[in-house]
Structure formats: structure tokens, C-alpha cells
Amino acid sequence: MCVTATETRVTEEVVLVDSEGRAVGTHPKATVHTTRTPLHLAFSCYVFNGDGEVLVTERARDKNTWPGVTTNSCCGHPGPGEDLGEAVIRRLAQELGIDVDGIFLLLPDFRYRAVMDNGVVENELCPVFGVLYDGPAPRPNPDEVHRAQWIPWTEFSRFVADGGAVSPWCADQIPLLQALGADPGLWPVGDASKLPEAAPFVSH
């Protein structure tokens, strides 16, 4: 029997959650973002280097949500049952071509909802992580990232605080990260007990 590529393609699923962070089902990732997007599980990540810089990206210009917008290093969705840390590591490799050994939790209970001009909604429980990376230059996947560049954290955080144009989730996250202190290398690790119940996480 001949099996086509279409028949063997795996459909990526995102985890739907209730307002308390409990899993209530799944939905195909490709079609979850609409004008009535259900609350679902996601994550954001900020990649720092030893020079105090953060890796800032510009989203691919044909993405369904916020195309071409400047934002944090990486975002994504864990699959059903996938450890959050493993999902972050996986996505960093997929989007930016970087391999990391460890990540640290920053904002375990971040949540946001945002609406694009065309009515498409982002509606996510979105824990925020940090990564320290001093390896080879990132190799952005053009399907996900149009451009990536290292910018001093103080410069980028000031740009956002002054109203610079970034993604809505990044705009909401930066003040919360600034409140952790001036030096990302000294930020306290977030409390994993505050993560959504639907988000398994083992420190990496």
C-alpha cells in the first residue's frame, strides 16, 4: 500500500486550558488562532549572552499573527504532555538554530490576550523563560524569523518602556522583567509552583 506524505504528516496540537490553568482538551495548532481563539498554553523565551545582550527577533512576514513585528527571542506552544522546558529547547532549535543546555523560569503565571487589526486573537497562558547562550551565531528559520540580532538588554528594555513598537506580549512582559532587577544575570528564578497545572516542568 502506498502512503502519501499528506497521510503521514503529524498534526501539531496545542493544549487548551481553563482560567485556572487546567487542561480541557487540544486543538490543531494551525487553526487555533481565529477571532475566537480559545485560551491555550504557550511560552515566551528571552535569550541572553554573557555580554548583557538579549537576542531580539523580527517575526517572519508571512506569519498568521503579528507578521514582521519585533519581539522577544522565541515563542511557542508545548504539545500535549510535553515538558515546558523541553518545548522551549525544541523551539529554540527550530526557530533560531541554537542548542542550549539549560533554561530558567522567570514569569510562571504570565497571561495575556491581544487582538490584531483584522480581529485575530492571541489568548494564552504564557510562562516566560530565560536562557544564557554564548554559542555559535543563531541561524534563524526564515519560516519563523525574518531577522535576529543581539541588542544590549538595557537598550532594548528602555526602547520598549518608551513605547517602541513590539509584539503585545513583549510589551507586557518587559515591565515585569525590569521589576526583577537591572541585571538579568541576577534575576531570581520564578516559582514553578505558580505554573499552570497543565504545564509540566522539570528544571533543566
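The values are calculated or read from the model by the stated rules, or taken from the named source; none is laboratory data. All values reported here derive from a predicted model rather than from experimental measurement. Every residue, glycine among them, receives a Cβ derived from its backbone with ideal geometry; neighbour counts consider all protein chains shown. When the accessible area is computed, the model is the full protein with side chains, heavy atoms only, and any ligands, DNA or RNA have been set aside. Shrake-Rupley method; radii C 1.70, N 1.55, O 1.52, S 1.80 Å.
For the condition open to solvent by less than 20 Å² (accessible area, probe 1.4 Å), of a type outside the set (Ser, Thr, Tyr) and outside any loop (DSSP other than H, G, I, E, B), what is the one hit in 24, 14? Quick ask: steps written out before the conclusion?
Details: 24 fails: open to solvent by less than 20 Å² (accessible area, probe 1.4 Å).
Testing whether each residue is open to solvent by less than 20 Å² (accessible area, probe 1.4 Å), of a type outside the set (Ser, Thr, Tyr) and outside any loop (DSSP other than H, G, I, E, B) leaves just 14.
Those residues that are aliphatic (A, V, I, L, M) and surrounded by fewer than 16 Cβ atoms within 10 Å (Cβ to Cβ), I need them from the range 117-133; list them, please.
The one that is aliphatic (A, V, I, L, M) and surrounded by fewer than 16 Cβ atoms within 10 Å (Cβ to Cβ): 132.
Name every residue in the range 184-204 that is exposed (fewer than 11 other Cβ atoms within 10 Å of the Cβ) and within 23 Å of residue 51 (Cβ to Cβ), in order of residue number.
186, 188
Surrounded by 18 or more Cβ atoms within 10 Å (Cβ to Cβ), touching a Leu at 6+ places or on another chain (Cβ under 7 Å) and either in contact (Cβ under 8 Å) with a residue 60 or more places away in the chain or among the acidic types (Asp, Glu) (or both): is that true of residue 44 in this structure?
Judged against the criteria, residue 44 is not a match.
Kindly provide the set of residues from the range 90-102 that are closer than 14 Å to residue 75 by Cβ and surrounded by 17 or more Cβ atoms within 10 Å (Cβ to Cβ), ordered by number.
Selection gives 91, 92, 95, 96.
How do the strands (runs of 3 or more DSSP E) wholly within the range 97-139 filter down when requiring 3 or more residues that are aliphatic (A, V, I, L, M): which remain?
Once the strands (runs of 3 or more DSSP E) in the range 97-139 are filtered for at least 3 residues that are aliphatic (A, V, I, L, M), what remains is 104-107, 128-132.
Within the range 27-41, restricting attention to residues that are among the aliphatic types (A, V, I, L, M) and assigned to a loop (DSSP other than H, G, I, E, B), which residue is least open to solvent (accessible area, probe 1.4 Å)? Quick ask: steps written out before the conclusion?
Narrowing the range 27-41 to residues among the aliphatic types (A, V, I, L, M): 30, 32, 39, 41.
Filter once more, so that each one left must be assigned to a loop (DSSP other than H, G, I, E, B): 32, 39.
Details: 32: 2, 39: 21 Å².
The qualifying residue least open to solvent (accessible area, probe 1.4 Å) is 32.
Is one or more of the residues making up the range 61-84 in contact with a Leu (Cβ under 6 Å, 6 or more places away or on another chain) and charged (D, E, K, R)?
no
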